[in-house]
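Worksheet: the structure to be examined is printed underneath.
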Amino acid sequence: MTKPFDTLYSDLQRALQVRSHQDRGPDRYLQGVGVIRECVGKLRSLGVKFMKDEAKEIEFFREIWPAFYAKLFLYIRLYSLELRRGMTPADGWPALVGEEEGKAAAFFRNNREFWQYYRSGARVIDGQFTRAFSRERIFEPLALVIDPEASTLASYRAAGCLAMYEYNVWLREEQASLSVGTVSAADLGYSWGASDADLAEWLFGIQAVGAIRYQGQPADISRLQKWARLALGREVANIYDRARVLRNRKKERFAFSKKMVAALEKKWNEAEGKFE
């Protein structure tokens, strides 16, 4: 992505991460929708300045516009799903996730050819990312609804594909976490030996330094919870509430971190023949 769009996108990513720390459940995605809408509101004026010729117009509507709107479409889907989760019995959640996976599969069957060309970067579909192409699609109802100067049918379609791809990844991760009990970390003999407070402190610590990455980006706490469940067979209930408690501890906010440092320093000193 080119400047200034890469800066705007990075700011959006950071803002969404902050929201993910502050909110839980449906509220996380509802607040995220507001953040994304504010961001894409800035996209139009930047796009007008950027599209000085047809090549730039194609670049904007093929590479830039879909990246931002895919986030919006994804968060709307996740918000809707989280609302349904709250109204679904616990034993019905796996079936609901499977149902959504079926919808994602059907979506890509219906958009297979476009997605193949778009994902591969093939230039043969470049012409579809011009506003003139969209204006000529007189039998496309969506062409009458979208802003003819600020979007194209192809950019809308590309954003939908990107969002559904990310949605499907989220669903697969959820399915993996639901089925982890068949061969869990506990089954393999692994377990977290410290307290939930220590685990929460550790997870927030490795999130702060970006030690665990998901698809090239530092994993947020929600994904780290899933990772801990898969790797350790353990997660922290109400982890954001736990974080507030840890921050407000009067004696020591970083008790587990300091304990690790002290233990490691002692071990390395002993390995070097330095005994207390």
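Each reported figure results from applying straightforward, stated rules to the coordinates on display, with no laboratory input. From a predicted model like this one, the values you see are computed outputs, not experimental measurements. Heads up, the Cβs are rebuilt from the backbone with ideal geometry, glycines too, and the neighbour counts pull from every protein chain shown.
Quick check on my link table: of LYS3/LYS56; LYS3/LYS49; LYS42/LYS71; LYS71/LYS103; LYS42/LYS103; LYS226/LYS251, which ones sit more than 21 Å apart, alpha carbon to alpha carbon? It would help to have the intermediate numbers written out before the result.
Numbers: LYS3/LYS56 13 Å; LYS3/LYS49 12 Å; LYS42/LYS71 15 Å; LYS71/LYS103 19 Å; LYS42/LYS103 32 Å; LYS226/LYS251 30 Å.
Over 21 Å Cα-Cα: LYS42/LYS103; LYS226/LYS251.
Suppose R0 equals 22 Å; then what is the FRET efficiency for TRP93 and LEU230 from their Cβ-Cβ distance, rounded to the nearest 0.05?
Efficiency, from the Cβ-Cβ distance: 0.80.
What full-extension length gain, to one decimal in nm, is calculated for SER120 and GLN13 as 0.36 nm per residue of separation minus the Cα-Cα distance?
Full extension of this stretch gives 36.1 nm more.
From the helices alone, meaning DSSP H stretches of at least four residues, give me the mean residue ellipticity at 222 nm for the chain, per-run term -39500 (n - 2.57), in deg cm²/dmol to the nearest 500.
One gets -21500 deg cm²/dmol as the mean residue ellipticity at 222 nm.
Can you put LEU144, LEU74, LEU246 in order, fewest other beta carbons within 10 Å first?
LEU144, LEU246, LEU74
What FRET efficiency do you get for ARG213 and GLU140 if R0 is 41 Å and r is their Cβ-Cβ distance, rounded to the nearest 0.05?
Working: r = 40 Å, r/R0 = 0.97.
Computed FRET efficiency for ARG213 and GLU140 comes out at 0.55.
Would you mind checking which residues have amide H under 5 Å from TYR214's amide H? H placed 1.01 Å from N; only 5 or more apart, or other chain.
ALA219
Compute the long axis of helix 93-110 from its Cα atoms, compare it with the longest principal axis of the Cα atoms of the chain, and write down the angle in degrees, 0 to 90, nearest 10.
For helix 93-110, the angle is close to 30 degrees.
Around ALA55, with a cut-off of 13 angstrom between Cβ atoms, what is the net charge of the other residues, counting Lys and Arg +1 and Asp and Glu -1?
With Lys, Arg at +1 and Asp, Glu at -1, the neighbours total -2.
Does anyone have the angle between helix 153-179 and the longest principal axis of the chain? Alpha-carbon axes, 0 to 90°, nearest 10?
Value to nearest ten degrees: 30.
Which FRET efficiency value, to the nearest 0.05, do you get for ARG109 and ALA55 by plugging their Cβ-Cβ distance into 1/(1 + (r/R0)^6) with R0 = 41 Å?
Here the calculated transfer efficiency is 0.80.
By the gyration tensor of its Cα atoms, with a ≥ b ≥ c the square roots of the eigenvalues, what is the shape of segment 188-276: rounded for a/c under 1.5, prolate for a/b over b/c, or oblate? Could the numbers behind the result be given before it?
On the way: a/c = 1.85, a/b = 1.43, b/c = 1.29.
Since a/c reaches 1.5 and a/b is larger than b/c, the shape of segment 188-276 is classed as prolate.
Please work out how much length the chain gains when fully extended from TRP268 to ALA197, using 0.36 nm per residue of separation minus the C-alpha to C-alpha distance, in nm with one decimal.
Fully extending the segment from TRP268 to ALA197 adds 22.9 nm.
With only Lys, Arg, Asp and Glu charged, each at its Cβ (+1 for the first two, -1 for the last two), find how big the charge dipole of segment 5-183 is about the Cα centre; round to the nearest 20 debye.
Details: 25 positive and 24 negative charges, 34 e Å.
Roughly 160 debye, rounded to the nearest 20.
Setting aside same-chain residues fewer than 8 positions from LYS267, which lysines have a Cα under 23 Å from its Cα?
LYS258, LYS259
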